[in-house]
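Contents: one structure, followed by commentary.
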Amino acid sequence: VEVQDESRQSEIAIMQRLLDNDVPHTARMLHGFRLNRHNGFCMDVMILEYYGLPLCKFFRHLHSLHKLNQDTVSAVVWHIIMALFSVHWAGILHHDVSIRNIVAQLRGREVEATLID
């Protein structure tokens with residue numbers, strides 16, 4: 001994430017707040033640091049815990065196994081709604097929810113979806 005506006009809270013600080021508040025269905029940052037660049041930009045570098053495949057690939061994989069069904073999609077939607085609700089209660093407004101910011105995986109027979117950005 002590149003940021004020029006220093007008044008904006010860093011992505012690292014936001015991820016740390018999510019971790020401190022134990023927000024469900026959001027990625028956990030394992031390590032983060034900021035690189036200051038000579039052109040006035042800063043780069044936040046974060047190492048996140050692994051939470052599965054990007055949602056499109058996950059759905060394609062389940063479809064190939066003939067295991068993609070309404071319950072699976074409902075579980076993914078519910079997890080993302082819970083993540084957004086919890087993020088809001090932690091004082092963060094998420095404005096970039098898209099399919100590229102959601103990953104999912106199977107945990108046993110249950111689907112777990114995670115908001116990663």
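Brief remarks follow.
- Helical mean residue ellipticity (222 nm; -39500 (n - 2.57) per DSSP H run of 4+; nearest 500) of the chain: -11000 deg cm²/dmol
- Against the chain, whose longest principal axis is taken from its Cα atoms, helix 11-20 shows a tilt of about 60°.
- Theoretical FRET efficiency, 1/(1+(r/R0)^6), r = Cβ-Cβ of Leu35 and Arg100, R0 35 Å, to 0.05: 0.90
- The slack in the chain from Ser10 to Cys42, taken as 0.36 nm per residue of separation less the alpha-carbon distance, amounts to 10.6 nm.
- When exposed loop sites are taken as GluC sites (Glu not before Pro) in a DSSP loop with at most 16 other Cβ atoms within 10 Å, the longest stretch of the chain clear of them is 50-117.
- In the elastic network of the chain, a GNM with C-alpha springs shorter than 10 Å, the most mobile of Gly40, Gly91, Gly32 is Gly40.
- Solvent exposure, largest accessible area first (probe 1.4 Å, DNA, RNA and ligands not counted), of Cys56, Cys42: Cys56, Cys42
- Residue range of the chain that is longest and free of chymotrypsin sites (Phe, Trp or Tyr not before Pro) which are both DSSP loop and sparsely packed (at most 15 other C-beta within 10 Å): 51-117
- Mean separation of Cα contacts under 8 Å, 6 or more apart, over the residue count of the range 15-117: relative contact order %: 33
- Choice from Gln105, Gln70, Gln16 with maximal GNM fluctuation in the chain (Cα, 10 Å cutoff): Gln70
- Helix 55-64 and the long axis of the chain differ in direction by around 20°, with both axes built from C-alpha atoms.
- Scaled against the 2.2 N^0.38 Å expected of a compact globular protein of N residues, the Cα radius of gyration of the range 42-111 reads 1.26.
- Estimated at 0.36 nm per residue, the fully extended path between Trp78 and Asp20 surpasses their Cα-Cα distance by 18.6 nm.
- Over the chain, the ratio between the Cα radius of gyration and 2.2 N^0.38 Å evaluates to 1.18.
The values are calculated or read from the model by the stated rules, or taken from the named source; none is laboratory data. Just so we're clear, the structure is a prediction, and the values are computed from it rather than from any experiment. Glycine also receives a Cβ, built like all others from the backbone with ideal geometry; neighbour counts cover every protein chain displayed. We work out accessible area using only protein heavy atoms, side chains counted, and drop any ligands, DNA or RNA first. Shrake-Rupley method; radii C 1.70, N 1.55, O 1.52, S 1.80 Å.
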